[in-house]
Each structure stands twice: as C-alpha cells, then as structure tokens.
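The values are calculated or read from the model by the stated rules, or taken from the named source; none is laboratory data. Just so you know, these numbers come straight off a predicted model, no measurement behind them. Don't worry about glycine lacking a Cβ; one is built from the backbone with ideal geometry, like all the others, and counts go over all protein chains shown. Calculation scope for accessible area: heavy atoms of the full protein, side chains included, ligands and nucleic acids excluded. Shrake-Rupley method; radii C 1.70, N 1.55, O 1.52, S 1.80 Å.
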Amino acid sequence: MKNNVQNEYDHLDIEKKWQKEWARKKVYKTEAPSTRSGQAKKKKCYVLDMFPYPSGLGLHVGHPKGYIGSDVFARMRRMQGFNVLHPMGYDAFGLPAEQYALEHNIAPQKAVIENVKTFERQLNKIGLSYDWDRKVNTTDPDFYRWTQWIFLKLFGSWYGSTGSPQATQKARPISELIKIFEKDGNQKVNSVSGKVQVFSASDWKAMDEKTKQDVLMKYRLAYEGYSEVNWCPVLGTVLANDEVVDSSKGLVSERGGFLVVKKEMRQWFLRITAYAPRLLAGLDTLDWSSHIKEIQRNWIGESHGLLFTAKVKDSDMVIETFNAHFQACYADTFFVIAPDHPMLPKLVEGVANETEILSKAREIVDKRAKFSEGEYREIDGIFTGRYVVDPLGNGDLPIWVASFALKDYGTGIVKCSAHDERDFAFAKKFNIKLKTVLLPTNEHLGKKVLNQEICFSDMVNGILTEPKELMGKIAGEATKDIIKYVTSRGFAKVHTTYKMRDAVFARQRYWGEPIPLRHDKDGIIHELREKDLPLKLPNVKSYVPTGTGESPLAGVSSWVKAGLETNTMPGWAGSSWYFLRYMDPKNKKAFADINAIKYWKNVDMYVGGQEHATGHLLYSRFWYKFMKDYGLVVTEEPFQTLRNQGMILGSDNRKMSKRWGNVINPDDIVKIYGADTLRVYEMFMGPFEASLPWSTDNIIGSRRFLEKVWKIKQKVIKKGKVDSKFEVLLYKTIKKISEDIEGFSFNTSISSMMILVNEMEKLESVRQSDFELFLKILSPFAPHITEELWKQLGHKSFLVLEKWPKVDSKKTQELEVKIVVQINGKVRASFDTHFGAREDEAVSGARALREVEKWLINKEIIKTVFVPNRLINFVTK
RNA sequence: GCCCGAGUGGUGGAAUUGGUAUACACGCAAGACUUAAAAUUUUGUGACCGCAAGGUCAUGUGGGUUCGAUUCCCACCUCGGGCACCA
C-alpha cells in the first residue's frame, strides 16, 4: 500500500500534515485593526459559532455541523479578501460541570481543563479555521471580571423617563435618578416597572438608607427580589426547570424522583422587560429566519389595549386593569384579582371574612404550586367583599379572587364580562350577575355552549348595543371609535403590555460568576469597586448543596463574613457578551478597546442551534442594547445574520444519545474516511437547517467524490485546447458556489461540484488553470485535499489564502440552448438552437419536428407562448 | 385553543420570477474486470399499459386561477415546532 503512495489518496497523512502546517504558519490569524484610526485597510467579516459548553462526554458527529457551515463561509470570505474574525472559546460555567465535579469528586476547575482538551482535540481534527490566539473561557477570572463589570453597570442603572413614557428611553446611571429625587417639588418618575413614586425632595432626604435602597431597587436594571424556584426538600437543593419532570404524583426531581415544590427564594433579576419594545422593533432589522423571529415575538408578547383606572368603593384605594379585548367593555360586571396579588391583603383588610378570603387565596396558590406552569386549570375563587366603582358608570362591581388571574400579566386584575369564555364560566359557577352588549350577526354565530348556557365571545363580528352612541356598529370595525369614546371621557388610557417577564439572574450554585455585591450589617447593598474586580470564586472543600437551598458559597465563612453575595450568576451571563471579548481578548484595561469595537462592530454571521431562541439570543440582544445606551458598543443589534443548523439524528431517527446507542463519534469518521469527507458529507446531507438522520451508507458518496477529484489531477496538463462547453459549466459552477455559500445552501453547492467533476472525468485532459479554479471553490469544503493538490501542482503559497475566483458574466453565457416544445402545456419535443434565438426562429425550429407536427394536424393554433431560451408553447383550439 | 413551518421516487433531497418535476447522491438490478469476493467501472432505475414506437398518470387530498402550477389562491388531512388561564 505504501509503495504506490504517489497515487493513493491517503487522507490521514494529508490532513495531519496540513493541519500542522496551517497552525505553524498561523494562516488563520486575524489582523488587528490599526489602532490609530480604528480602521484597517481590509473590510471586516465576523463569523461566529455559538459559545459551546465543553462537555466531558466528547463530541458526536452532530456537534460540528454548524461549525463546518460557518467555517465554509469564513473560508470563502477570507479568500474574498475580508479580514475574517473567526474565533472559538468556551462557556464552561454551569450545572453540568458542577454535576460532573460532584459525581467524580474533582474540582470543576480541573474538570473544565480536561474537557476543553478533549473538545479541542476533536475539533482540531476537522480542520476548522479558527484563530486560536483569541480563545476565551468564561471561567477565566480575566474574562469574568468583565462579566462582573457589566453587571455592576446594570446594577447602577435605571431605565425610565421623567416625561412621557412613550419618549425614547435609554438606560441612565442611577445617580441621575437620585438627583431627580433630590430636586425640589413632587417628582413623578415613570419607571418601567409601572410603579410611579411620588414624593418630595424633603421626603426623599428624610428617608433612611434602607428605605432609599428599597425605592431605588424598584428602578435598577439589576435588582433584588423574590421568585418561585423548584425546591426539592429531600435533595436539599434548588433545581433548574430541566431537572424537574412531571409525574403522576406531580412535579418530581429527575434524579431520584423526589417531590418538588415551588418555594419563594431571594434572587437577582435583570429588568429585560424595560427593553421589550426595542427588542421587538429590532427584529425587523435582522436577517434571521422568520421562524426564530416569530418565536421571539411570541415570547415578548406585545399586546395593545386599554388601561382602566377605578376607585375601590369605601376606600381610597385605586386599582388598574388592562384590557386588550375591550370592544365589549360595557358588558363588564365584575373584577377579578390574582390570589397572590400583592394588593390583596390590603384590599380585604377589615372585610368581615378577611381570614377566610386570604386562606382561600393561599389554598389556590398552594394548589397551583404543585403543577407545572399552565397545567392547573380548576375554576376556583372567592368574593372579596369589595366593590369597584365602575368607571363606565355601571354602578358597583364586585371584586373576586379568581384562580385564573395571573399576578404577572397586565396589572394582575381583570375586568370581566359575559363576552369572554373564561369570565363567563367563572360567573356561571359563582352566580355572578352578567350583562350582554353584543349581538351575533347572522353569518357569525360565535357562540359557545358552556355550562348549558350560551356565551357569545366573538368580539370581532358582534353588533354593539352599548354605548348608545355606537349602537349597531360591528365591534371589530368600531375598535377606534370605542378607544376614542372611552379615552376622551377619561375612563381609560391606551396602554401596551408584554408577556415577557424579567429574567432571574441568580443561581443557588457554586460554579458560576460571583455577583460583585456586598451586604452590610444594616442590610444595605454595596457595589464592589471596579479595581476590586475580579471577585474570584473561592475554593471550597465541598460542592454539595447546603440543604437550605442557598449556594455552597453560603457555607464559606470568610465569604459570608465579608458580606459577599452568595448567589452566583446564571449560565447565560458570560454568553450574553462574550462575542465582544473576541474582538480584543487580551485587553487588561477594558472588555475590549473601543477602536476594536468600532472596527468589528457586531457579528456578521452567527451560527448555532435554534433552541436558544428565547434564551441566549434574547438575553444577549438585551445586554447589547444596554451597552449601546452607554456607548460601549456602536450598533443596535449584536448578530446581524443568523443561521441555524439542524440536528444530525441517529440512523434510527432518534436524537443521538448514549441511551439509544446510536452515537457516531467524529474521530472514527475522520479516521476511516477523513475530515474532508466528513465535512463534505455533512454539508451535502440536506439543507443546512434540516434535522436529518446520519447514514453510514451515504457517506461513501462524498468519499467517492473526493477520490474522483484526486484522480483527475493525473490528467491535468499545463496547456491545452479550450473546451468552450466545459468552460461555461466551470464558470457557472463558480458563480453558483459563490451564491450558495452566501446563502448557506451547501448541499446544492456540493451537487453542482459533483456535476462538474463528472464532466471532468469524461474529458481527455483538464487544463491546469481550470483545475486550479475548481480547487479554489472546493477548498472551503475540503481544505486538506485541495491544499495538497495545490502543492502538487507546484505552488509554494497556501491555497486557503488564495484569491476567490471572480465570475465574468460573459463566461457563464450558454452558447447553445435546448428549447422545449409544448402543445397545450404538455411537453412533446425539444430541439437545440443558439442562445438568444428569436421567436420566429423558435417557431420554425419547432414546426420542423415530426413529433410536433403530429400533434398539430388538423389543429388551429390560437396562441403561441414563447419564453426565450426555454420553451415554446402552441395552444390549439 | 392560538400562532408558525413542512408534506416530491425504495432513501436523503433538487427545481431561479409560474416555464422540461425527480438534478446530485445513496440503494437496487444487469454487464465488464476477477478463480472468487471486495474495490473499480459501464448501463439502467417514478408508476402503469405496450414487443416496440409511443402513451397515460404522478409533487399529502379536493377545488380554483393560468397557454402552463411543486411554485399563486381557497378548503381539508397528516406531521413537526412555538405559545398557552396572557385578560
């Protein structure tokens, strides 16, 4: 085998050799922008893969699919003369590493180092063109000091306005807010949380520090609060959502099957809701799949409606309620409040059966806690004994506690009517008085039978009977009139609300970035000074949860003594901004130099799985917009173009997993077939975004293709006659590959190169210049074999740094075309003619054919359709 | 329930603005090479009728627009995804 090595395609040898060579000569090194002007000569292109977690399990063939796609793109851009930033690094904080440390009894720090090694060894075999000099790792204190630094900025900022809430808003330092409070006069400050604080400067000055802190906490972009977590008493730990499963007993832990309950716990939150309108609007400017944009739109859940303000009878309390389907607002006969609404205790204060009401509310909340979100659907509630003075003049309306009311949506209080299925069902169960103001039209009987009663819930096609001024109008058409009617009389104002909630930014775990805050003995929270960053994670003896639900840091006495925050940051902290660090990864003075940021701006091509649609891709857009407000970055969006690779499934069509025994290790494929074959095959399998099963049968086709390329080299000649037909195909292929890579249509690029290679096989000889053009366009897909052939043709340069071929439109012009002849739209024949033949030439060409005349005997042609260079269609009577 | 997306040979899939449906690849069948097998290579390969020439039917189903529909419109079926007591 070794003796005819000259003619053998020995992928192991070739791939090892060139990987070494590329690394030695640092061919993929990114050029830094010149520091003086912030502008380099070359145009930039930032191509990025989503930040991976280096798992200890190693890779399967599905993992590199996205990396190969982005690599093909990056390689073409590099050859096209762009200064390409194509880095890789690790998001190594988080649960899996901590779990691994617990199970194997080693420090997570050590586990990460090992796992990164495995990951890189596997990745490097595939021939990806990363600039490894820019590698980052979230667990490196040099990295996470900047994560902490950004957190402090968030903590020290608020997002609001003193004027109209509709005015363009930006994050501003909290010191500005304090100045507003200190100014004289009653300050009305609109915060995003919807709470409006009204107090005078002297009120503010009279407050003690703790009260001031509590006020400011309502405005901060990073704030302390409480939220429900999955608490497992037996394990003595808080569990993430994916560690909890539904069972017949209710919620249980995935490991052990122990009961899980919801428990209120102290948390840190990021006020992402402040950015909801901008996160929504920004989507229109992005080149992302409409699918992902849709998921984000749904998640943000913008809803336009009316906000009614109403007085509680016999009290100075005022309640607000949001109504998106307000067309039938004159039918409202009762209000409901969420059982866990913070206002409820005050509302029922002094009511005869106060304790009964509160215990009923408690009962509903407890019951709901046993279900996962949305599972609890029982209709339950109790009358609060309180009434609202209806702003629309329908007298006193009762307020009920209702199981279906959610405290986190709208205002947590709902104005209810007979024209809503859910309200209707509730009213029927508790015998609450109803009223109808909509009549069904004949065509639209949007009626539902509920509890043997009829509920007309079609708010679009109903005919209004109230208010009198709008009587007879179709509700859906009268929306604007109703808004005008209600707002002009001061009953309500136009309002927009969002489904999205603030993001919990804390984990009760060890393996995450420490939160750089200090609590003093008076309960006042202090920021760490910038020069004290990074706040390093302490070494601990045990990673075992404390049993109280608190992080293991709560068991470190020096940490607790110093008053340091014991929660750590969640997994998405580092991944929300890491792409900025790649721009200037070694900078000690800043997360990145401003000139580097001005040059690289944002990510041009971002590649990763679509499972991050509502997590990472939303959080990082939020951080980025925040940073934009402070002039830390220069564009509004971090990821201009996004492509999502599909999964590679096992050959049994199931997810690749140890559990099913269907895992294919890329190391094995690289060894047997080669990295180039793996790359070509993964790109050829099907559309990039599609999830497809791995097929060991099919990979042979990609290997055969590369072997054909290898063999064709033997018939390459320095100079030869130009085969004009082949030339056209070659240039058309070059054009197609360029366009296909641009559009991530890799499967069709490969197939068109296969067609070209099949043509080359038929030729006696191939001119070297033509073969070289082909090697260039194949290079992004199969960099090793093409580099080797390039060298064998006598070149000293690196093919991966060569210029991408330009396409001259003259060269792709067909000389001869086939014209299809149709009779009444059916294909009956075809003939060859010169490119650009006129209609009359085509008609005579077609009429000369026997197969055509046969169909036209005794027929009258009433119409002729001619599509140049394509077809001619005779339409007969 | 609401909102997206997709249904094409035995299989993965291709088809520009409405213009030859099934490119490319796998698999399969037959032939060549071989003692034989593998590898390689040549040819064929949507279904049905036919010795053939040729014809008919086919892109989830049913309709529509058009000279012409995988592509546009309407209804339905199936699968996948997202959201889900969201006022």
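Taking Cα centroids, how far is region A:707-757 from region A:255-287 in Å?
Cα centres, region A:707-757 to region A:255-287: 49 Å.
What percent antiparallel are the DSSP beta bridges of chain A, to the nearest 5?
Within chain A, antiparallel bridges account for around 75 percent of the total.
Measuring from label point to label point, each 7 Å out along Cα→Cβ, what is the A:GLU707 to A:SER558 span in nm?
6.4
For region A:364-514, I need the span (max minus min coordinate) of the C-alpha atoms along each principal axis, in Å, sorted largest to smallest.
65, 37, 35
Per the helix-only calculation at 222 nm, which mean residue ellipticity applies to chain A, given -39500 (n - 2.57) for every DSSP H run of n ≥ 4 and division by its residues, nearest 500 deg cm²/dmol?
-10000 deg cm²/dmol
Within region A:388-418, list the residues whose amide N lies under 17 Å from a label point set 7 Å along Cα→Cβ of A:PHE430.
Hits in region A:388-418 for A:PHE430 at 17 Å: A:388-390, A:396-407, A:412-418.
For A:ALA690 and A:GLU356, what is the calculated FRET efficiency with R₀ set at 41 Å and r taken between the beta-carbons, to the nearest 0.05?
Result of the calculation: an efficiency of 0.10.
Give me the extension gain from A:THR441 to A:LYS719: residue separation times 0.36 nm, minus the current Cα-Cα distance, reported in nm with one decimal.
91.9 nm
If you take the beta carbon distance between A:HIS104 and A:LEU235 as r and set R0 to 30 Å, what does 1/(1 + (r/R0)^6) give as a FRET efficiency, to the nearest 0.05?
So, using R0 = 30 Å, E works out to roughly 0.95.
If r is the Cβ-Cβ distance from A:SER765 to A:LYS671 and R0 is 45 Å, what FRET efficiency results, to the nearest 0.05?
0.85
With N denoting the number of residues in region A:627-732, provide Rg(C-alpha) divided by 2.2 N^0.38 Å, to two decimal places.
1.64
Using a 1.4 angstrom probe with every protein chain in place, what is the largest-first accessible-area order of A:TYR53, A:TYR144, A:TYR223?
Ranked list, largest accessible area first: A:TYR53, A:TYR223, A:TYR144.
With a cut-off of 8 Å between alpha carbons and a minimum separation of six or more residues, what is the relative contact order of chain A in percent?
14
For the pair A:LYS521 and A:LEU12, how long in nm is the line joining their label points, each one 7 Å along Cα→Cβ?
In this crude label model, A:LYS521 to A:LEU12 measures out at 7.1 nm.
Any chance you could list the semi-axes, whole Å, largest first, of the equivalent ellipsoid that the Cα gyration tensor gives for region A:197-340, using √(5λ)?
The equivalent ellipsoid of region A:197-340 has semi-axes of 33, 27, 23 Å.
Could you please put A:GLU363, A:GLU816, A:GLU243 in sequence from largest to smallest accessible area, using a 1.4 Å probe?
Final ranking, largest accessible area leading: A:GLU816, A:GLU363, A:GLU243.
Give me the dipole magnitude in Debye, nearest 20, for chain A about the Cα centre, with unit charges on the beta carbon: positive for Lys and Arg, negative for Asp and Glu.
Charge dipole, chain A, about its Cα centre: 2620 debye, nearest 20.
If you project the alpha carbons of region A:733-877 onto their three principal axes, what span does each projection cover, largest first, in Å?
70, 34, 23
How big is the shadow of the Cα convex hull of chain A, averaged over all directions, in nm²?
50.3
For region A:13-111, just the Cα set please: Rg and Dmax, both in angstrom.
17.8, 52
Once fully extended, how much extra length lies between A:TYR409 and A:GLU228, figured as 0.36 nm per residue of separation less the alpha-carbon to alpha-carbon distance?
So the extension gain works out to 63.6 nm.
Relative to a virtual label point 7 Å from the Cα of A:THR876 in the Cα→beta-carbon direction, which members of region A:833-856 show backbone nitrogen distances below 11 Å?
Residues A:852-856 qualify, since their backbone N sits under 11 Å from the label point.
Given 5 Å bins starting at zero, what is the percent of C-alpha pairs of region A:73-160 in each, up to the one with the largest pair distance?
Here the calculated profile for region A:73-160 is 3, 11, 15, 16, 15, 14, 12, 8, 5, 1, 0.
Please give the length that would be gained between A:LYS484 and A:LYS811 if that part of the chain were fully extended, namely 0.36 nm times their separation in residues minus their C-alpha to C-alpha distance (nm, one decimal).
111.3 nm
Round to the nearest 10 and report in Å² the accessible area of A:ARG679, as given by a 1.4 Å probe over the protein chains' heavy atoms.
Looks like 0 Å² after rounding.
Per residue and in cubic angstrom, what volume does the convex hull of the Cα atoms of region A:553-657 have?
Taking the convex hull of the Cα positions in region A:553-657, it is 176 Å³ per residue.
Any chance you could give the angle, 0 to 90 degrees and rounded to 10, that helix A:64-79 forms with the longest Cα principal axis of chain A?
60
Using a 1.4 angstrom probe with every protein chain in place, what is the largest-first accessible-area order of A:PHE383, A:PHE639?
Largest to smallest exposure gives the sequence A:PHE383, A:PHE639.
What shape does region A:70-114 take by its C-alpha gyration tensor, where a ≥ b ≥ c are the square roots of the eigenvalues and a/c under 1.5 counts as rounded, a/b above b/c as prolate, and the rest as oblate?
It is prolate, given that a/c is not under 1.5 and a/b is the larger ratio.
Using the basic label-point model (7 angstrom from Cα toward the beta carbon), what is the A:GLU114 to A:VAL389 distance in nanometres?
Roughly 7.2 nm, to one decimal.
What translational diffusion coefficient, to the nearest whole µm²/s, does region A:468-587 have by Stokes-Einstein, given a Kirkwood radius computed over alpha-carbon pairs, a temperature of 20 °C and 1.002 mPa s viscosity?
For these conditions, the coefficient is 112 µm²/s.
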